[in-house]
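Asker: Okay, handing you the structure first.
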Amino acid sequence: MKPDFKGLDMLHGCDYNPEQWLDMPEILEQDIACMKKANINCVSVGIFSWACLEPEEGVYRLGWLAEIVDRLYKNGIYTILGTPSGARPVWLAKKYPEVLRVAPDMTRNLMGARHNHCFTSPVYRRKVYEVNAMLAKTLGNHPGVILWHISNEYSGACFCPLCQAEFRIWLKNKYKSLENLNKAWWTAFWSHRYTDWSQIEAPVPKGEMDVHGLTLDWNRFVTDRTVDFMKNEIAALRENGSQLPVTTNLMEFHYSLNYFKFKDIIDIVSWDSYPMWHLPAGGDAAMGARTACCHDLMRSIKKDRPFLLMESTPSMTNWFPVSKLKKPGMHMLSSMQAIAHGADSVQYFQWRKSRGGSEKFHGAVVSHDCRDDTRVFKDVAEVGERLKKLGGLCGSLPQAKAAIFFDWENRWAIQETKGPRNAGMHYEKTVIAQYRAFWEMGLPVDFVDMESDLTGYSLIAAPMLYMYRSGVEKKLRAFVENGGVLVGSFFQGLVNETDLCFLGDAPHGLTDVYGLRVEEIDALYDEESNSMNWNGKEYALSLLCERVRPSAADTLAVYSRDFYAGEAVLCANSFGKGRAYYLAAGAEQDFYSDFFRYIAESLGLEKALSAQLPQGVSASRRIADKPVAIVQNFNAETAVVQLNSEMQDYESGEIYTAAIELAPYEVKFVKEYEKN
Ligand code: GAL
Ligand code: ZN
């Protein structure tokens, strides 16, 4: 689905903070002239402007902003309008200390930083509502405004008495009675039974961290609280006459919020991507795969429409341990990578480097030299030029037939449970490693969580689904029964949604589907490994080694070491019209790559490009009227992709008969060549 951005196709924009330069009109003038030169067609304004919008309580000054939005519009530059709740003015925090966040040690933060506010405080909600309402009334129907950018990177939790009281209400709604809650949380353990709702406190290091149902419910509550806060922000816009679409900028694998719960609240997903390119060892392929994974995860939150790349740096950040420049080619590649995975924009933090503050050395399109002839500026202008020609891809999606599970609640449960490896369970790493297999093949893939609809997929990977909730075992059973191929891996189907272990054989409810049960789980030290031989190749195993007892499943590989040498580690079972594989141990990247390739090829799944991709090269696709494959070289060397059929360059029209050659960090858009 194509979002309606007033006729704009691909967005090319940046965070713009004119409030820092209001006393330097020559800078603001230069900004607009340079933006045009850089092919910028939209800017995100006002995200941190509260102190300028409301310098004193109830005194609103929106004139400067309206003037800037006007001027931008007259110059063909559209505005994405921020709501300023991410950072409150000093006067607000001083007058109403309750708006400040309370930390897990139960002390209230002082004024300072951003994202330092309570999500419950009626005062904060009212103040945010009021300033948002003013923005909506003044600019919510301006022809130059295309989208609301509410707040900034919602994150974290507040532990104040107001939030804790809301938590208790949330629990009452969920459990109805304390008896139900005590059962669901297994509070008989260590005599932690609650006898009054008022006794329940948020999980904090100094207090209760051993009731895992409590920690899980707190995490769920924090997401719900944030969503509720967002609803208040959006209501202020809607109730004051603006029907513009709404987004908020997300942060890929951010721990504290289950982003899948945002899908019905925001109209468009957007996110901030800051990959650590050019790490000293190993090249950029691993980071390329990880970043692609984040793009696909973010896109999957709202599957029916593209997302926006809200922030990325045009050069470097200032917050990595070591902030490296993007090498020539990388800016284009990383920008086009977002497009390749379903973004309808490339946007940056930030337009102009600030003179002061903690981000003065963060990369920007315009640096302190105020020049428009720098390498970075030219790189940015080139991306804008290229985006102009890619408008035909707007609104299109990869249409994946494969999916990988990533479930935030499962992640919290794995992270917060005790054993079998408190030295790190590596759930995200395992998900990313399995994803990388798809990335290397150029096989389009979505992410799903346990609440997702699984219909339409042919292949589903379910790594480390420790928790089974929302009837996922029934969905997986139906999926396989109806002909789907499921690849489940270790640490699977052990607990329910409040982290209570299922009684009976594991994986819960799916032992007949997998044709096996898991009897014991051995954990390995980081320096230990086991191995298996599959299809004539030896693969290292790590993390966890489960001892499985196959019933109907065929054993495809066995452990080579330890007292369980010779026992099954990789199994396959035919069930209904489909097939379920079970991998009982953590495996090295090579195995995931080889194994998923074998499965995808045996299923005949369509890749973005019909070709064997060399190392460090990936391809993804967008299906507009016809599929377009975007071939990306993450190597610092030239790469050659041998083709199975003739392709044509989507941009230049050049015909590739046998191969596509990609310069270091080059990216090409290609489509099938149709001879007239
Ligand atoms: C983002 C944030 C921006 C800016 C940027 C710097 O996380 O939304 O406001 O701080 O990081 O990389
Ligand atoms: Zn609070």
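The values are calculated or read from the model by the stated rules, or taken from the named source; none is laboratory data. The structure displayed is predicted, hence computed values, not measured ones. So basically every Cβ, Gly included, is an ideal-geometry build from the backbone, and we count neighbours across all protein chains shown. Note: areas computed on protein heavy atoms with side chains; ligands, DNA, RNA excluded. Shrake-Rupley method; radii C 1.70, N 1.55, O 1.52, S 1.80 Å.
Matching residues to (1) open to solvent by less than 50 Å² (accessible area, probe 1.4 Å); (2) outside any loop (DSSP other than H, G, I, E, B):
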| residue | (1), (2) |
| --- | --- |
| N180 | no, yes |
| A202 | yes, no |
| T223 | yes, yes |
| K231 | no, yes |
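Asker: Keeping to region 77-101, report how many residues are within 15 Å of ligand 2 (Cβ to nearest atom) and of a type in the set (V, I, T).
Answerer: Going through region 77-101 one residue at a time, the tally reaches 1.
Asker: Could you say which residue among D272, D267, D296 is open to solvent by 40 Å² or more (accessible area, probe 1.4 Å) and under 28 Å from I80 (Cα atoms)?
Answerer: Only one candidate qualifies: D267.
Asker: Going by the conditions given, is N232 over 14 Å from the mean Cα position of the chain (by Cα), within 16 Å of ligand 2 (Cβ to nearest atom) and not assigned by TED's automatic domain parsing to the domain that holds G456?
Answerer: So N232 passes the test.
Asker: Can you tell me which residues in region 108-127 are more than 13 Å from ligand 2 (Cβ to nearest atom), over 28 Å from the mean Cα position of the chain (by Cα) and exposed (fewer than 15 other Cβ atoms within 10 Å of the Cβ)?
Answerer: Result: L110, R126.
Asker: Same structure again: Under 6 Å between Cβ atoms, which residue pairs at least 6 apart in sequence (or on different chains) link something in region 302-320 that is more than 15 Å from S334 (Cβ to Cβ) and away from ligand 2 (no atom under 16 Å from the Cβ) with a partner that is open to solvent by 30 Å² or more (accessible area, probe 1.4 Å) and among the basic types (K, R)?
Answerer: Going by the 6 Å Cβ cut-off, the qualifying pairs are K302/K263.
Asker: In addition: May I ask you to list the residues in region 527-544 that are part of a loop (DSSP other than H, G, I, E, B) and either open to solvent by less than 20 Å² (accessible area, probe 1.4 Å) or in contact with a strand residue (DSSP E or B) (Cβ under 8 Å, 6 or more places away or on another chain) (or both)?
Answerer: E528, S529
Asker: Collect the residues in region 605-657 that are among the charged types (D, E, K, R) and open to solvent by 70 Å² or more (accessible area, probe 1.4 Å), keeping them in residue-number order.
Answerer: E606, D625, K626, E637, E654
Asker: Output the number of residues of region 641-674 satisfying the condition of being hydrophobic (A, V, I, L, M, F, W, C) and without any contact (Cβ under 8 Å) to a residue 24 or more places away in the chain.
Answerer: Qualifying residue count, region 641-674: 3.
Asker: If you check N258 against the conditions, is it at pLDDT 95 or above, more than 22 Å from I146 (Cβ to Cβ) and either in contact with a Ser or Thr (Cβ under 6 Å, 6 or more places away or on another chain) or within 16 Å of ligand 2 (Cβ to nearest atom) (or both)?
Answerer: So N258 fits the description; yes.
Asker: What pairs come out if I take residues in region 372-389 that are farther than 23 Å from D9 by Cβ and pair them with residues that are in a helix (DSSP H, G or I) whose C-beta lies under 7 Å away, six or more apart or interchain?
Answerer: If the second residue must be in a helix (DSSP H, G or I), the pairs left are D372/C34; D372/K37.
Asker: Another question, if that's okay. Does at least one position in region 10-29 carry a residue that is within 25 Å of G156 (Cβ to Cβ), more than 16 Å from ligand 1 (Cβ to nearest atom) and assigned to a loop (DSSP other than H, G, I, E, B)?
Answerer: Within region 10-29 (the criterion being within 25 Å of G156 (Cβ to Cβ), more than 16 Å from ligand 1 (Cβ to nearest atom) and assigned to a loop (DSSP other than H, G, I, E, B)), the answer is no, since none of the residues qualifies.
Asker: Can you confirm whether region 307-320 contains a residue that is closer than 28 Å to K401 by Cβ, surrounded by 22 or more Cβ atoms within 10 Å (Cβ to Cβ) and touching a Lys or Arg at 6+ places or on another chain (Cβ under 9 Å)?
Answerer: Yes, region 307-320 has at least one match.
Asker: Out of the residues in region 579-621 meeting the condition of being assigned to a loop (DSSP other than H, G, I, E, B) and among the hydrophobic types (A, V, I, L, M, F, W, C), tell me which one is nearest to G536 (Cα to Cα).
Answerer: The selected residue is A584.
Asker: Still on this model: Taking the options G63, G58, G7, name whichever one is more than 16 Å from ligand 1 (Cβ to nearest atom) and modelled with pLDDT under 95.
Answerer: Just a single option satisfies the conditions, and that option is G7.
Asker: At pLDDT below 95 and more than 29 Å from the chain's Cα centre (by Cα), is that true of N573?
Answerer: It is false that N573 is at pLDDT below 95 and more than 29 Å from the chain's Cα centre (by Cα).
Asker: For the structure I just gave you, tell me whether N132 is touching a residue at least 24 places away in the same chain (Cβ under 8 Å) and within 19 Å of D15 (Cα to Cα).
Answerer: yes
Asker: Cβ-Cβ under 7 Å, sequence separation 6+ or interchain: first residue in region 447-468 and over 15 Å from L297 (Cα atoms), partner open to solvent by 10 Å² or more (accessible area, probe 1.4 Å) and in a strand (DSSP E or B). Which pairs?
Answerer: The qualifying pairs are S458/V485; L459/V485.
Asker: Looking at V90, V123, V145, V102 in this structure, which one is closer than 24 Å to N258 by Cα and outside the structural domain of E497 (by TED's automatic domain parsing)?
Answerer: V102
Asker: Just need a number here: residues in region 137-160 that are open to solvent by less than 60 Å² (accessible area, probe 1.4 Å) and either of a type in the set (F, W, Y) or more than 23 Å from Q347 (Cα to Cα) (or both).
Answerer: Number of matching residues: 7.
Asker: Of the conditions (1) of a type outside the set (A, V, I, L, M, F, W, C); (2) in a loop (DSSP other than H, G, I, E, B); (3) more than 16 Å from ligand 2 (Cβ to nearest atom), D105 clears all except one; give me its number.
Answerer: (3)
Asker: Given the conditions (1) within 31 Å of the chain's Cα centre (by Cα); (2) open to solvent by 20 Å² or more (accessible area, probe 1.4 Å), which single one is not true for G504?
Answerer: (1)
Asker: Kindly evaluate R290 against the criterion of being in a helix (DSSP H, G or I), more than 16 Å from ligand 2 (Cβ to nearest atom) and more than 17 Å from S345 (Cβ to Cβ).
Answerer: yes
Asker: Being out of contact with any Pro (no Cβ under 9 Å at 6 or more places or on another chain), more than 16 Å from ligand 1 (Cβ to nearest atom) and not in a helix (DSSP H, G or I) is the filter here, so list the residues in region 239-262 that pass it.
Answerer: Correct list: E239, N240, G241, S242, Q243, L244, V246, N258.
Asker: Let me ask something else. Sort through S396, S358, S354 and tell me the only one that's open to solvent by 20 Å² or more (accessible area, probe 1.4 Å) and either touching a Lys or Arg at 6+ places or on another chain (Cβ under 7 Å) or of a type in the set (S, T, N, Q) (or both).
Answerer: The conditions single out S358.
Asker: Can you find a residue that is surrounded by 20 or more Cβ atoms within 10 Å (Cβ to Cβ) and hydroxyl-bearing (S, T, Y) anywhere in region 550-560?
Answerer: yes
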